[in-house]
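Below is one structure, written out as structure tokens, with a few remarks after it.
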């Protein structure tokens with residue numbers, strides 16, 4: 001029984017696991033543990049955002065005219081599209097469709113780059129408008145200058161760390177494409193695809209919260 | 001395959017729901033609901049995040065132990081917010097940021 005199992009599941013099964021299923025469950029649990037530490041890592045920044053927004057609601061609201069809602073909204077849609085292509089990539093790996101897997105991974109990477117380019121355009125504009133916290137920070141109305149600077153500090157901190165996660169994600173996806181083209185994955189073994197899929201969706205979830213909190217603060221006032 | 005294979009139809013449906021909810025949250029920001037604006041925006045964000053976690057990340061098919069880990073993560077995140085706000089709302093801490101170079 002054990003021998004036939006090893007035979008059908010190939011060489012990827014490590015000896016300390018009973019079968020491929022247990023191996024995947026273990027990897028999934030480990031990945032989720034890592035993602036929970038990430039949730040708490042981002043959670044600290046969200047908590048400081050919440051405190052200062054509660055303290056200075058008017059100053060935070062006054063920053064919304066500098067947040068480009070069309071670029072931010074486009075980036076939200078781009079990330080959601082990339083989550084769909086990532087989910088389809090995992091599905092392709094599960095049913096052993098190697099070409100589909102590679103195509104969907106490439107689409108996910110492209111969407112990741114589109115996101116980063118749009119983010120770069122936004123950062124450049126903020127730089128030109130003197131909205132990067134520091135000596136050259138300028139904000140009108142002047143009474144909100146200091147408190148608005150807090151918001152922009154949080155903006156660059158949170159979107160910056162998020163973008164760093166995207167860059168790491170693009171690197172991981174590149175590694176997946178190389179592995180897929182070397183025929184590493186089959187219907188019994190696609191753990192890396194599923195784990196990096198979890199990571200990518202998590203980064204999407206972070207943005208799902210960043211978008212309303214940074215871009216949708218005060219257009220109604 | 002060794003894990004649950006989602007249907008393409010399900011994935012596309014979740015994708016469409018996420019796009020519609022993004023449009024909705026953007027549109028609602030232009031309507032003045034007072035303090036409820038942020039509540040509605042966060043509620044929609046929680047729905048979107050749950051859809052991603054439940055379907056795309058496959059939380060509905062993971063082991064009970066794994067689901068317990070996810071719930072523990074959310075619980076600890078809530079502690080982070082609850083205890084921080086317990087201090088800031090009861091101890092009248094105020095931080096006055098100073099200008100750079102002063």
Assuming residue A:31 fulfils every condition listed in (1) at the interface with chain B (Cβ under 10 Å from one of its Cβ atoms); (2) closer than 27 Å to residue A:121 by Cα; (3) crowded, with 16+ Cβ neighbours inside 10 Å apart from one, which condition is it?
(2)
Filter the range A:69-121 for residues that are in a loop (DSSP other than H, G, I, E, B) and touching a residue at least 12 places away in the same chain (Cβ under 8 Å) and give the result.
A:95, A:96
Might you let me know whether the range A:142-162 holds any residue that is surrounded by 12 or more Cβ atoms within 10 Å (Cβ to Cβ) and outside any helix (DSSP H, G or I)?
no
Which pairs have Cβ atoms under 8 Å, sit 6 or more apart or on different chains, and link a residue in the range B:73-102 that is more than 7 Å from chain A (Cβ to nearest Cβ) to one that is at pLDDT below 85?
B:87/B:93
Exactly one of these conditions fails for residue A:154: (1) more than 14 Å from every other protein chain (Cβ to nearest Cβ); (2) in contact with a helix residue (DSSP H, G or I) (Cβ under 6 Å, 6 or more places away or on another chain); (3) farther than 30 Å from residue A:21 by Cα. Give me its number.
(1)
Looking only at the range A:180-221, and only at residues there that are assigned to a loop (DSSP other than H, G, I, E, B) and over 30 Å from residue A:74 (Cα atoms), the one that is farthest from the other protein chains (Cβ to nearest Cβ):
A:182
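The values are calculated or read from the model by the stated rules, or taken from the named source; none is laboratory data. Note that the coordinates shown come from a computational prediction; the quantities given were computed from them, not determined experimentally. So basically every Cβ, Gly included, is an ideal-geometry build from the backbone, and we count neighbours across all protein chains shown.
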